[in-house]
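Report on the following structure.
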Amino acid sequence: MNRKKLTKIGIVPTIRVVYENQFEYCFDLKLFDLFKKIFNNFNITVLNKNSNLQRIDFIVFLGGNTLTAFSKKKIDKIRSDIDFQILKKGIKYKKPILGICHGMQVIAKYFGAKIVKKKHLGDHKILLIHNKKQKKEKVNSYHNYIVQDLSK
């Protein structure tokens, strides 16, 4: 039997308040379409700060929420704690990491980049590179914050 390698993707999703004292994890279903274009065979695990990252092949920090430098909301603090603990572990275990929207801001902030408030709206193309194959994909951007200066 010819089995394709299973890529184990760990995601850190958006956290939303549903009702008072209740929150939920959520993510855009278009993410599955993106993963289908990149990986032949994959499964997705929602990560939390206690997750065993040694069993994960690839970590994705998703959009949503606001960095605690710009927000004092409890939900953003919860997300920030999860983000930074998983990011530290991911770096320790040398895992490939992708940050989408808020996730990219978390990674940039961790490495000392300057992030400022500025609206960025509209569609643009990104270049996906996987196994030496390149493909351009159209994505949307609806950000309230941008990375102004990258750190070294």
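The values are calculated or read from the model by the stated rules, or taken from the named source; none is laboratory data. Predicted, not measured: the structure shown is a model, and the values here were computed from it. Virtual Cβ from ideal backbone geometry, glycine too; neighbours counted across all protein chains shown. When the accessible area is computed, the model is the full protein with side chains, heavy atoms only, and any ligands, DNA or RNA have been set aside. Shrake-Rupley method; radii C 1.70, N 1.55, O 1.52, S 1.80 Å.
What a 1.4 Å probe finds exposed on segment 82-152 is 54% carbon and sulfur by accessible area, rounded to a whole percent. How big is the gap, in Å, between the Cα center of segment 22-64 and the Cα center of segment 83-152? Distance between centres, Cα-based: 15 Å.
Against the criterion of solvent-accessible heavy-atom surface with a 1.4 angstrom probe, THR66, THR14, THR45 sort, most first, into THR45, THR66, THR14. In terms of distances greater than 18 angstrom between alpha carbons, the cross-link table entries LYS30/LYS132; LYS8/LYS95; LYS37/LYS109 yield LYS30/LYS132; LYS37/LYS109. In order along segment 85-99, the Karplus-derived 3J(HN,Hα) couplings, from 6.51 cos²θ - 1.76 cosθ + 1.60 at θ = phi - 60°, round to 5, 5, 4, 4, 5, x, 5, 4, 8, 6, 8, x, 10, 10, x Hz, and Gly and Pro are given as x.
Projected onto their three principal axes, the Cα atoms of segment 21-144 cover extents of 41, 36, 31 Å, largest first. Taking a Cβ cut-off of under 15 Å around GLY112, the surrounding Lys, Arg, Asp and Glu residues balance to a net charge of +3, with basic ones at +1 and acidic ones at -1.
Note down the Stokes-Einstein diffusion coefficient of segment 1-79 in µm²/s, whole number, using a Kirkwood radius over alpha carbon pairs, 37 °C, and 0.692 mPa s.
The calculation lands on 230 µm²/s.
Under a model in which nothing but the beta-carbon of Lys, Arg (+1) and Asp, Glu (-1) is charged, the chain shows a dipole of about 600 debye around its Cα centre. Solvent-accessible surface of segment 6-92, taken per residue with a 1.4 Å probe and all protein chains present: 58 Å².
Summing charges over neighbours of ILE129, with a neighbour being any other residue whose Cβ is under 13 Å away from its Cβ, gives +4 when K and R count +1 and D and E count -1. Need one number: % antiparallel among DSSP beta bridges in the chain, to the nearest 5. Percent antiparallel among DSSP bridges in the chain is about 60. Per residue, the chain reaches -7500 deg cm²/dmol at 222 nm when only DSSP H runs of four or more residues are counted, each adding -39500 (n - 2.57).
Amide hydrogen proximity for ILE11: with H placed 1.01 Å from N in the peptide plane, the residues at 5 or more positions away or on another chain lying under 5 Å are THR45, VAL46, LEU47, VAL60.
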